[in-house]
Each structure stands twice: as C-alpha cells, then as structure tokens.
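Take a look at the structure below.
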Amino acid sequence: MKMLMLFTESFAYAPAQRNSELADENASAGQASQALVAFVQAEEHDEQSTVPKVEKKLTNALKWAARKNETQRVVLHSFAHLSSSKAGAEFTRAVFEASLARLLNAGYEASQTPFGYFLDLSLSAPGNSQARLFHEF
C-alpha cells in the first residue's frame, strides 16, 4: 500500500466521471476543513494478506499523521496513481470501509470521497513539513 497524506486547510471534491461498476450512482460533492486527506493506493501484494491486517496498518498510519497535524478529521481518497501495481476494487473498498469504521469508533471525524469516480478536487495545504507525508507498507 502506498499513501500520500496531505494536511489541508480546505478540501473539496465533486464527482466528475464514474469509472467503476462499484461506484455509488448517487455520489455527491463534499468538503472538509483542517483535515488529513489520504490519497491511498492498495497494491496487488496487499491482497496476499487479509483485509483486517491491511486495514490496521492503514488506520495506524492515518492516526499517526492526524496526531502530527493536530486534527481529528480524516478523509480517505482512493488514488490508483501511486504505483503500477493495483489491488482489486472490492479489496480496496473493503479496506477503506473497515478503516473508516475503526476511525469513527476511535472518535475521529472520518469520511471517504465517492469510490469509483474521477473527482474534481480543490485543496489548500500549508507549507510545512508535517502537512505532506508519504507512507508505504
């Protein structure tokens, strides 16, 4: 799994083009402020493990980065452009759903951009070292 995490002062998205059969046909736009936005790509090798094991690593990395940026808001975004290796959409979606559930259970304000869409994105991120983090596992 590869993940680019950006602490954003503001983040907004709107569905532009559906690109997966798993996409929710009723997807809507959204926004968040003072949020950690994680651009996440599950890779083919992740599927050799179980969803709970991969989700735990993902969630722990998100919590760590959120603490570094002093925020309780986390937005997950499926971003299949960090590697040429891609996990299946069903696996990725299951990992995201499990991570969201655990984050919410831990008191975070967690959300996810519409799965299976190319999105119009708008964001503003401060220029400090903790606002841009890359994680790979």
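The values are calculated or read from the model by the stated rules, or taken from the named source; none is laboratory data. Bear in mind that the values here come from a model prediction, so they are computed numbers and not experimental data. Positions of Cβ are backbone-derived with ideal geometry, glycine not excepted, and every protein chain shown enters the neighbour counts.
Restricting attention to region 27-40, does a residue exist that is β-branched (Val, Ile, Thr), outside any loop (DSSP other than H, G, I, E, B), buried (at least 16 other Cβ atoms within 10 Å of the Cβ) and in contact (Cβ under 8 Å) with a residue 60 or more places away in the chain? Full working, then the answer.
Our first condition is that a residue be β-branched (Val, Ile, Thr); within region 27-40, this holds for 37, 40.
Now restrict to residues that are outside any loop (DSSP other than H, G, I, E, B): 37, 40.
From what's left, buried (at least 16 other Cβ atoms within 10 Å of the Cβ): 37, 40.
Now restrict to residues that are in contact (Cβ under 8 Å) with a residue 60 or more places away in the chain: 37.
For region 27-40, residues β-branched (Val, Ile, Thr), outside any loop (DSSP other than H, G, I, E, B), buried (at least 16 other Cβ atoms within 10 Å of the Cβ) and in contact (Cβ under 8 Å) with a residue 60 or more places away in the chain: present.
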Kindly evaluate residue 78 against the criterion of being closer than 20 Å to residue 11 by Cα and either of a type outside the set (A, V, I, L, M, F, W, C) or at pLDDT 95 or above (or both).
yes
Can residue 126 be described as touching a Pro at 6+ places or on another chain (Cβ under 7 Å), part of a loop (DSSP other than H, G, I, E, B) and in contact (Cβ under 8 Å) with a residue 40 or more places away in the chain?
no
On the basis of being part of a loop (DSSP other than H, G, I, E, B), out of contact with any Pro (no Cβ under 6 Å at 6 or more places or on another chain) and surrounded by 18 or more Cβ atoms within 10 Å (Cβ to Cβ), does residue 115 make the cut?
yes
How many residues does region 71-95 hold that are within 13 Å of the chain's Cα centre (by Cα), of a type in the set (Ser, Thr, Tyr) and not in a helix (DSSP H, G or I)?
1
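From the list 53, 63, 68, 57, which residue is over 16 Å from the mean Cα position of the chain (by Cα) and closer than 19 Å to residue 107 by Cα? Walk me through how you get there before you give the answer.
Working: 53 fails: closer than 19 Å to residue 107 by Cα; 63 fails: over 16 Å from the mean Cα position of the chain (by Cα); 57 fails: over 16 Å from the mean Cα position of the chain (by Cα).
Just one listed residue meets the conditions, 68.
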